[in-house]
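Report on the following structure.
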Amino acid sequence: MKPRVAIFDLTSCDGCQVEILNLEDHLLDILGKIDLVNFRIGKEVKEPGPYDIAIVEGSVSKEEEIEKIKKIRDDSKILIALGTCATHGGLQSNIHFMDENEVKKAAYNDKHPQQTRDIKAEPLSKYVKVDYSIRGCPIDKWDFVKVLKQLLIGKLPKEDNNPVCVECRFNENVCQFEEKGKCLGPMTHGGCNAVCPSNNQPCDGCRGPLEDLNLKAGIRIMKENGVSDEEILKMVRKYTGVDELYNKIEELVKNGNN
Amino acid sequence: MGTIKLDHISKIEGHADLNLKIEDNQLKELSLDGVEGARYFEGFLKGRKYDEVHHIVSRICGVCSQSHLLCSLKAIENALNVELTPQAKILRKLILYGSVLQSHVLHLFFLALPDFLGYESAIAMAEKYANEVKMALKLKKLANDICTTIGGRDVHCVTPLVGGFSKLPEKQKLDDLLERLREARPEMLAAFKLLTTLQIPEFERKTEYVSLQDNNEYAFYEGRIVSSGGINVEQRDYKTVFNESVKDTSSAKFVSTTSNMPFFVGSLSRVNINYDKLNDSAKHAVQEAGLIFPNYNPFMNNIAQAIELIHLTDECIKLLENLNLQQEEPVKYEIKAGHGIAALEVPRGTVYHEYEIDDRGFIQKANIIAPTTQNLNNIEKDLWQFIPGILDKEEKEVITEIEKLIRAYDPCLSCAAHFLRLKIERI
């Protein structure tokens, strides 16, 4: 029997689901292998659980989304976080490091809508157990295919623990530390084919920090290259600042080379 | 009769609620609300550096990421007095056209067409309409490949930056695109013809149509803000013609003209206002199908999108034929305090970005008006007129027809902040 797969979205830009639709040449093949029972942006009929695989995009940013993700977890054998909003809160997690009132005022000019019972954006893992994370803002669609293939043969995929630098070398790129003096590549999970450095842009860390990252060294090199403390903090906190591996970042940046 | 509550309406981008109150078969209350979690982009931009704005605003919406990315770059370049090279402008236009093509194909074939053919999804449609679905996927891929080739990635492009591009595309890849676009011409025409065979609901409500207008071409990248109601101002004066308001029940803001009128933006507005600027192939297709513009049926927005498929395919071909790609660096500029405003025509209408930058290049203030926020008032007005005419139908049919009308606008509430749960209360 084909596995029952459900795709859900919480608060996000829908871009990771768009990346799934962007698998144009392979989309019909994929749909032939699964029973897609829930996919709001692509289909009308929604079937209730249980699901074999739930794939969830977006951060938990409203009170009702806490209940929603818990229900999805209860209904699903395997829960996959899809993209940076789901794995780390994403861009909207910036609110953890800013003055909440100022941020809201800038967006809604003092007249903040009452009904949006919003909470500070959090990754899914804050509220439920996540079985696997497909990283990236947006995800790499081939990464999604790889993960789905493994799940279809009954395996839970294992993630490589390589920095972006590995793929950057394969692509024979000039190091962005040389070009721009800054890059989060050495501290960040690869798997994106180093898409930013390969296009002559520093990695901005959307896939989240590596478990064994050398944060001290990364910060030291950027500081030596004249990148300001403020800029380093903002780079690190752009998409995945709530990751606990970044808990001491402020201290580290301020203490510099110690 | 109690209350009927539907879950978030499907096949639209983002989340919204529609609440209806019906007494004695009369529509008494109607409220359309964006319920997407608020994401406060204008707030996050404050204190960010001018050169990361486009990457941040790209994340407003995954369906039209290029719209926000390109409009913000234009606004920042406007603030810093950066004049792009002609080549960079052509490459920006190609990304914009590619992104409009991609979004239109996605909306027409995967979100709207199943409605009209009576399927719950394109997936369910794929068996009987295998050729059409495969054709749509092929055209979508082509459109995405334009963005990937030039922008480095389909969703959230990497290469565009203030002053130009961090990396230019390979000439061979552009030649391949040109070849594929030429091959796709008959398919775009076939897509248009298929859509014109659909039964478009008979409904008319004349409203104000707003779009950019350019003397030289069918406006997407440049032009004055023009409306059927007499608005005609420069982009920098957008605030003199529009009002933004916040509704307590919605995370999406609402926009009206300063004379307090709801208005329409998107493909139908563009075709209504700029019909004479469409290229020959698009005009020819319109004439052959016997269509007449201006048209006041919002459902015709679908057809207007299909017209733009034909138009933009030929425009991309023209741009690529005349592009003699040279290696060039981004334009040099000085960081200084400034104030920049820009507008673009993007898949769902006109988008506006405005930034104030301090002398170190940090954003002091940002204002973004996405197309869907501009259409929300107009959708509400349409529904007020549309719903009474269908209330004698079965509940399920009422809902389907309402959804069709809303989807015709191709609303994207990720952009608007923030789509659709339907609650009908019958007393």
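The values are calculated or read from the model by the stated rules, or taken from the named source; none is laboratory data. Here the structure is a predicted model, which is why all the values come from computation and not from measurement. Here the Cβ is made from the backbone with ideal geometry for all residues, glycine too, and neighbour counts use every protein chain on show. Ligands, DNA and RNA are stripped out before the accessible areas are found, and what is left, the full protein with its side chains, is counted by its heavy atoms. Shrake-Rupley method; radii C 1.70, N 1.55, O 1.52, S 1.80 Å.
For the protein assembly as shown, the Cβ-based charge dipole about the Cα centre amounts to some 700 debye (Lys, Arg positive; Asp, Glu negative; other atoms uncharged). Close amide H partners of residue B:64, meaning residues 5 or more places away or on another chain with modelled amide H under 5 Å apart, do not exist here.
What number comes out for the charge environment of residue B:237, summing +1 per Lys or Arg and -1 per Asp or Glu over other residues with Cβ under 12 Å away?
Combined, the nearby Lys, Arg, Asp and Glu give +1.
A helix-only calculation puts chain B at -13000 deg cm²/dmol for mean residue ellipticity at 222 nm, using -39500 (n - 2.57) for each DSSP H run of at least four residues, averaged over all residues. Each label was represented as a point 7 Å from its Cα along the Cα-to-Cβ direction; for residue A:129 and residue B:128 these points are 4.4 nm apart. The simple spin-label model puts a point 7 Å past each Cα toward its Cβ; for residue B:243 and residue A:35 those points are separated by 5.4 nm. Counted residue by residue at 0.36 nm each, then reduced by the alpha carbon distance between them, the extension gain from residue A:70 to residue A:166 reaches 30.9 nm.
How well do other chains shield peptide A:3-14, expressed as the mean number of their Cβ atoms within 10 Å of each residue Cβ? Before the final figure, lay out the partial values.
Values: counts 0, 0, 0, 0, 0, 0, 6, 3, 9, 8, 18, 13.
Shielding by partners across A:3-14 averages 5.
Each other residue within a Cβ distance under 13 Å of residue B:206 adds +1 if Lys or Arg and -1 if Asp or Glu, for a net charge of -1. Here the extension length gained between residue A:248 and residue A:230 equals 5.0 nm, from 0.36 nm per residue of separation less the Cα-Cα distance. Across the stretch B:369-376, computed HN-Hα scalar couplings (Karplus, 6.51 cos²θ - 1.76 cosθ + 1.60, θ = phi - 60°) run 10, 7, x, 4, 4, 6, 8, 4 Hz from first to last residue, x flagging Gly and Pro.
Here the 3J(HN,Hα) profile of the stretch A:158-175, calculated from phi with Karplus coefficients 6.51, -1.76 and 1.60 at θ = phi - 60°, is 10, 8, 5, 10, 10, x, 4, 4, 4, 5, 4, 5, 4, 7, 6, 7, 6, 4 Hz, Gly and Pro shown as x. Computed over the alpha-carbon pairs of chain B, the distance histogram in 20 Å steps reads 27, 59, 14, 0 percent, short to long. Computed from the Cα positions only, the extents of the stretch A:164-255 along the three principal axes stand at 34, 26, 19 Å, in decreasing order. Label reach from residue B:180 (point 7 Å along Cα→C-beta): in the stretch A:26-48, amide nitrogens under 20 Å belong to A:26-30. Debye-formula intensities of the stretch A:4-152, expressed as log10 I(q)/I(0) at q = 0.11, 0.19 Å⁻¹, are -0.43, -1.13 (one equal scatterer per alpha-carbon, no solvent).
Chain A contacts chain B over a buried accessible area of about 5500 Å², both sides summed; the probe is 1.4 Å and only protein chains count.
With every protein chain left in place, what is the accessible area per residue of chain B in square angstrom, probe 1.4 Å?
Numbers: 14770 Å² over 427 residues.
I get 35 Å² per residue for chain B.
Note on chain A: antiparallel DSSP beta bridges, both residues inside, total approximately 25 percent of the bridges counted. Across peptide B:259-268, the average count of Cβ atoms from other chains found within 10 Å of a residue's Cβ is 0. Applying 1/(1 + (r/R0)^6) with r as the Cβ-Cβ distance of residue B:359 and residue B:391 and R0 = 60 angstrom yields a FRET efficiency of 0.50.
Going by a ≥ b ≥ c, the root eigenvalues of the Cα gyration tensor, does chain A fall in the rounded group (a/c under 1.5), the prolate group (a/b larger than b/c) or the oblate group? Oblate, because a/c is 1.5 or more while a/b does not exceed b/c. Where both bridge residues fall in the stretch A:4-152, DSSP classifies roughly 20% of the beta bridges as antiparallel. At a Förster radius of 30 Å, what calculated FRET efficiency corresponds to the Cβ-Cβ distance of residue B:326 and residue A:175, to the nearest 0.05? It comes out at approximately 0.65.
Among beta bridges from DSSP that stay inside the protein assembly as shown, the antiparallel ones total about 65%.
If you take all other residues with their beta carbon under 11 Å from the beta carbon of residue A:33, and give Lys and Arg +1 and Asp and Glu -1, the sum is 0.
To the nearest 0.05, how large is the calculated FRET efficiency for residue B:335 and residue B:29 if R₀ is 45 Å and r is the Cβ-Cβ distance? That pair, residue B:335 with residue B:29, gives E of 0.30. Compared with the alpha-carbon gap, the fully stretched path from residue B:204 to residue B:216 is longer by 1.2 nm at 0.36 nm per residue.
Computed about the Cα centre, the dipole magnitude for the stretch A:123-258 is approximately 340 debye when only Lys and Arg (+1) and Asp and Glu (-1) carry charge, each at its Cβ.
Per-residue ellipticity at 222 nm, computed for chain A from helices alone with -39500 (n - 2.57) per DSSP H run of at least four residues, works out to -10000 deg cm²/dmol.
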